[in-house]
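A.B. asks: Sharing a structure, written as structure tokens. Questions coming.
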Amino acid sequence: HISKLVLSLSTLSTFVDTSSTSTCSTILPFVGTVVASYLDHPSVEVRQEAALTCCRMLLPSNTANKLYTKNGINKRIRKNNLKPTPVPRSPGPSGQVVEQVLYKLLRVAVSDPSPEVRHCMILALDSRYDRYLCQAHHVSTLFLLVQDEVFAIRANALKLLGRLAVMNPAYVLPSLRQVLMRIILELQCNGDTGVRELATRTLIVFLRASALQRLVRPFLRSLVAVLPLKNVAPRLAAAALEALGELALVVRGGMKPWLSELIPHIIQTMKDQSSVSKQQTSLRTLGQLVGATGYVITPYLAYPNLMPIAVAVLPGTKNAPWNLRCEVLRTFGILGALDPQKLTAVTDSN
């Protein structure tokens, strides 16, 4: 019985690929009354398939594309290089049905006992639904997902809120500022390695969301201070180095006051051959830090051991993976070329 239900829902969701816009609007009441009723089914497989079917049938991809083309948004972005603006929600009964079903889907995303259902639900709410989700009554529900016990759900909820911040910054950004402050407190006050690693990886997601980067600069000093770079487990150290590289890409020249403190630590981390991922992350972070601040060539002179340590990874031995050697070459390209005689003179003097 359950397998037939799952197959029926999956087959139903394929109808929208060949249907016209008017047909998709006609079946909306069916989605709201019949398909959405399976969101409360005892079976996890049925609930998951019902959620995915609702998402596909509420706003099919071809319908969303026609709405965007009709409003001329794609053309305006290409011509004037503007950021996307929210498309008006569908008026009338169709818009009401979408709102009602979307409310049920968000309830599933927040309260379903299965992490798989919650995760697939947050992934299914793609950019087609942004013009609905950016409304205040939906945003408050989405912020509950940032507190989910599963990290993947929290990370994807943060990405979704980053998209919505472009459309409704006045309502989304203040709450996200509180999220950033909570991440800083977890890094500063929590002694558990696992919690600090998850907080660091959450910070990486935060820094990669372009709409949220405006919130980072006021907290720059605090972020640099709380990143767990020293005397920690290798996984946590690698995550902290990755976060440092992303932070450099966001604030650019704002990282210059900390270069003399950070670069010696990164070079020291490059020596650690016990963790290849840690070495690779340190090389990538060095490249991001140098490229973002424009601090090129000078590191060779200020830190004479930088070149020998990095070059030691290059020989084609079986111990050094190819990805690690590629990272060394990429970092050399960012650091720039230096006169060999000048480098030899500095090395000999030290």
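The values are calculated or read from the model by the stated rules, or taken from the named source; none is laboratory data. All of these numbers come straight from a predicted model, not from anything done at the bench. Cβ placement follows ideal geometry from the backbone for every residue including glycine, while neighbour counts extend to all protein chains displayed. Only protein heavy atoms, including side chains, enter the accessible area calculation; ligands, DNA and RNA are left aside. Shrake-Rupley method; radii C 1.70, N 1.55, O 1.52, S 1.80 Å.
A.B. asks: Within region 184-204, track down each residue that is open to solvent by less than 10 Å² (accessible area, probe 1.4 Å) and more than 14 Å from the chain's Cα centre (by Cα).
C.D. replies: Across region 184-204, the qualifying residue is only Leu187.
A.B. asks: I'd like to know if region 263-286 contains one or more residues that are at pLDDT below 90, in a loop (DSSP other than H, G, I, E, B), surrounded by 14 or more Cβ atoms within 10 Å (Cβ to Cβ) and among the polar types (S, T, N, Q).
C.D. replies: For region 263-286, residues at pLDDT below 90, in a loop (DSSP other than H, G, I, E, B), surrounded by 14 or more Cβ atoms within 10 Å (Cβ to Cβ) and among the polar types (S, T, N, Q): present.
A.B. asks: Within region 205-256, count every residue that is of a type outside the set (S, T, N, Q), open to solvent by 10 Å² or more (accessible area, probe 1.4 Å) and not in a helix (DSSP H, G or I).
C.D. replies: 6
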